[in-house]
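Read-outs throughout are calculated quantities, based only on the coordinates presented, and are distinct from any laboratory measurement. Predicted, not measured: the structure shown is a model, and the values here were computed from it. Here Cβ is always computed from backbone atoms with ideal geometry, including for glycine, and neighbour counts include all displayed protein chains.
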Amino acid sequence: MNLQQAQKFTHLRCFVTLGLLALAQGILAQLPAAESLLSNGLNSFEVYGSTAPHALVEEVAVTGQPFTKALRVNTFKQAVDKGNYGLRADINTNLHKGDVLWISFKARCLESTRETGEASFEFRFDQLVNGKYQWPSYLERGVSVGKEWTETSLPFVLPKDVKPADVRLIFKFDTYAQRFELGPVTFLNYGPGVKLSDLPRSFVRYEGSEPDAPWRSAAAERIEKYRKGDLSIKVIDAKGKPVPGAQVAVRMKRNAFNWGTSTNTQRLLDTLRPESKIYRDTLLKYFNQVVLENEMKWSAWTDPHNPHEQTLKGIQWLKAHNIPVRGHVMVWPSFQHSPKIVAELKNDTAALRALVFRHIEEQLSKMKGQFTEWDVVNEPYAHHDWLDLLGKEEMVKWFKAARAGAPGVKLFLNDYTMFHLSITHKSPN
């Protein structure tokens with residue numbers, strides 16, 4: 001179905017085959033039988049919202065997964081309206097206070113305009129009064145997914161009796177333009193006899209996050225060796241005699257490592273608004289290192305409303321308070337987050353390469369000696385427009401240029417969107 005076909009319909013009804021997700025099957029098989037809350041083994045959704053026809057939702061085939069069909073959602077034209085739209089499904093049975101419900105599904109991002117490169121949406125179990133949404137929802141969670149199929153599972157307890165007309169399952173789309181696929185959705189009622197801890201739930205996981213991961217024992221040994229030590233205190237009076245039963249209090253005066261936050265020099269230098277003084281006092285009280293939030297990014301760097309003199313004055317204020325500053329960032333290899341002049345060179349790689357190096361050299365020259373650390377490259381995992389044109393090895397050249405112009409400064413590649421939800425049966429401790 002294309003967009004023109006979608007516009008002909010007020011509602012688009014789509015079907016996804018229900019099935020237990022493969023990673024959870026072993027756990028669920030040990031539990032009492034559950035009742036599916038979506039009719040006849042099919043998960044029946046319809047597009048809702050005032051601009052629903054503009055959201056392209058179609059059923060597509062899937063390979064390489066334990067399921068063969070998914071819903072593909074495209075909000076690139078829908079997103080500009082920023083309306084309340086998404087997918088919804090009704091349940092088919094009465095529910096009771098204390099029932100333990102479990103929802104599980106898989107999704108992946110195909111394309112997104114979000115800074116992270118991820119697709120995001122909410123899934124909710126709404127309560128309704130006379131067919132209209134009534135705050136709060138019985139369940140409401142936001143989900144962000146990357147390019148790989150990501151499994152999300154969550155159990156929850158229903159706080160009161162409800163009828164099918166009183167509730168609705170919702171997948172609400174983000175207002176950012178994006179394309180993503182929503183795979184099998186399982187929604188089950190285990191009744192009151194199952195504990196939440198008995199059911200699988202999703203947590204952010206990474207390699208080595210296990211409580212018994214090998215690196216933890218080695219880290220504990222290093223903590224004992226380097227971070228701890230014996231302290232002997234002798235309390236004497238004016239005559240040099242020991243004071244029996246003396247009470248001793250120890251207060252740390254200096255951290256062995258830094259506590260950092262992001263800041264902007266406009267707020268630091270503002271003397272007109274009372275809240276700016278509160279901001280400065282709070283920063284000095286709790287932090288001893290900062291990173292400049294936005295003003296070193298290329299678009300802000302070329303903004304006439306963001307004078308470099310202001311940035312330098314703000315850095316001097318921080319230095320006067322013995323707060324080291326981290327620079328962020330020389331190169332963000334994304335046309336979306338760069339001045340228009342950069343995007344105009346997408347068909348001229350030689351000119352693009354030269355312009356990037358001139359920008360690096362300009363920042364190195366104007367900000368020489370200001371930073372103890374500097375992010376050279378920002379988020380290449382999700383934002384790699386220039387790398388697609390110039391090659392990944394171009395990052396090495398950027399680092400070499402930065403090292404030549406900033407000897408002694410610690411240089412970094414800053415990134416995220418590296419970890420995603422994975423299913424587990426145990427709590428994350």
- Task: Using R₀ = 35 Å, calculate the FRET efficiency as 1/(1 + (r/R₀)^6) where r is the Cβ-Cβ separation of residue 258 and residue 302; round to 0.05.
- Result: 0.70
- Treating cross-link reach as a plain straight distance, find the lysines whose alpha-carbon is under 28 Å from the alpha-carbon of residue 346, omitting any fewer than eight places away in the same chain. 77, 147, 297, 366, 392, 397, 400
- Item | the range 384-417 and the range 280-307: distance between their alpha carbon centers, rounded to Å | 21
- Mind checking which of 268, 231, 389 has the largest fluctuation in a GNM of the chain, springs on alpha carbons under 10 Å? 231
- Before anything else, pin down the relative contact order of the chain: Cα pairs under 8 Å, at least 6 apart, normalised by residue count, whole percent. 15
- Note on the structure: Taking only the alpha-carbon positions of the range 179-288 as identical scatterers, the Debye log10 I(q)/I(0) at q = 0.13, 0.19 Å⁻¹ comes out as -1.00, -1.09
- Query: By the gyration tensor of its Cα atoms, with a ≥ b ≥ c the square roots of the eigenvalues, what is the shape of the chain: rounded for a/c under 1.5, prolate for a/b over b/c, or oblate?
  - Reply: oblate
- What spacing in nm lies between the two simple spin-label points modelled at residue 414 and residue 336, each 7 Å away from Cα in the Cβ direction? 1.7
- When all Cα-Cα pair distances of the range 272-353 are considered, the percent exceeding 14 Å is 71
- Cα to Cα, under 13 Å, and not fewer than 8 places away if on the same chain: which aspartates and glutamates meet these conditions relative to residue 97? 161
- Rounded, prolate or oblate: which fits the range 260-414, taking a ≥ b ≥ c as square roots of the Cα gyration tensor eigenvalues, rounded meaning a/c under 1.5, else prolate when a/b beats b/c? prolate
- Where the only charges are on Cβ atoms (+1 Lys, Arg; -1 Asp, Glu), what is the dipole of the range 260-414 about its Cα centre, to the nearest 20 debye? 500
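Using only the Cα atoms of the range 106-229, build the gyration tensor, take square roots of its eigenvalues as a ≥ b ≥ c, and label the shape rounded, prolate or oblate: rounded if a/c is under 1.5, else prolate if a/b is larger than b/c, else oblate.
oblate
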- Please work out how many pairs of lysine residues in the range 218-269 are eight or more positions apart (or on different chains) and have Cα atoms closer than 25 angstrom. 4
- Projected onto the charge dipole of the range 207-315 (+1 at Lys/Arg Cβ, -1 at Asp/Glu Cβ, origin at the Cα centre), which of 304, 288, 266 gives the Cα projection farthest towards the positive end? 288
- Please report the base-10 log of the normalised intensity I(q)/I(0) for the range 239-286, using a Debye sum with one equal scatterer per alpha carbon and no solvent, at each q in 0.14, 0.28 (1/Å). -0.57, -1.07
- Item | Fluctuation leader among 165, 402, 246 - the chain, Gaussian network, Cα springs under 10 angstrom | 246
- Query: Among 401, 220, 300, whose mean-square fluctuation peaks in a Gaussian network model of the chain (Cα, cutoff 10 Å)?
  - Reply: 220
- Tabulate in residue order the Karplus-calculated ³J(HN,Hα) for the range 320-326, using 6.51 cos²θ - 1.76 cosθ + 1.60 with θ = phi - 60°, rounded to whole Hz; enter x for Gly and Pro. 5, 9, 6, 10, x, 10, 9
